[in-house]
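Computed from the coordinates by the stated procedures, all read-outs in this text should not be read as laboratory data. From a predicted model like this one, the values you see are computed outputs, not experimental measurements. Please note: Cβ atoms are built from the backbone with ideal geometry, for glycine as well, and neighbour counts cover all protein chains shown.
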Amino acid sequence: MKLDITSILKNNGGTISIQLEEALEDLETSLGTVSFTGPVSFTGSVTNNNGLLKLTGHAKVTYSTVCDRCARDFERELVIDIDEEIIEQEETAEYSEDDRFTYSGNSLDLDRILADCILTSIPMTQICREDCPGLCPICGAEISEKGCNCENHDSIDSRFEVLKSFFD
Ligand SMILES: [Zn+2]
Ligand SMILES: [Zn+2]
């Protein structure tokens, strides 16, 4: 949503509390194996700090993805802390080194900021659970489920054992 910030722009120290839940257009396409499955909820506030807006709060969204180790689909909830400074966009500014978010006029594009913060917080690796043992390197079966008949899940280690005996 576009937040109307008229009430705090001329009021240094003024705050608007925000509580919203909505589907963000920017999150409708999937990102690699990640696709968002629900609306984003955000609870927080925006405060005018001498013309600099400070957006703080928590955003929450769920996504589905595929485990990097066992290739199983799973769903995860992502909760992120948001603490962003937002500066007024200068009419004349072309390219700027400043990578802070901007606002112009009396509206703040909250959707863009939330979508950006969420997209940059998605973990690079997706593991269904901390101790997911993954797939058998020999037959490709899920070790976590029913296992498989391959005996040498540690074949590499046993080869080292053989080597070691040479040096003994
Ligand atoms: Zn897994
Ligand atoms: Zn196997």
| task | Work out, step by step, the length gained on full extension between residue 4 and residue 131: first 0.36 nm times the residue separation, then minus their alpha carbon distance; give nm to one decimal. | result | 41.1 nm
| Could you give the nm distance between label points at residue 100 and residue 68, where each point is 7 Å from its Cα heading toward the beta carbon? | 3.3
| query | If we restrict to alpha carbons, what Rg and Dmax does the range 21-98 come to, in Å? | reply | 16.9, 52
| message | Ignoring solvent entirely, what values of log10 I(q)/I(0) come out of the Debye formula for the range 1-136 at 0.13, 0.16, 0.19 Å⁻¹ when each Cα is a single scatterer? | response | -0.63, -0.85, -1.06
| task | Evaluate the distance, in nm, between pseudo-label points positioned 7 Å from the Cα of residue 91 and of residue 58 along their respective Cα→Cβ axes. | result | 4.3
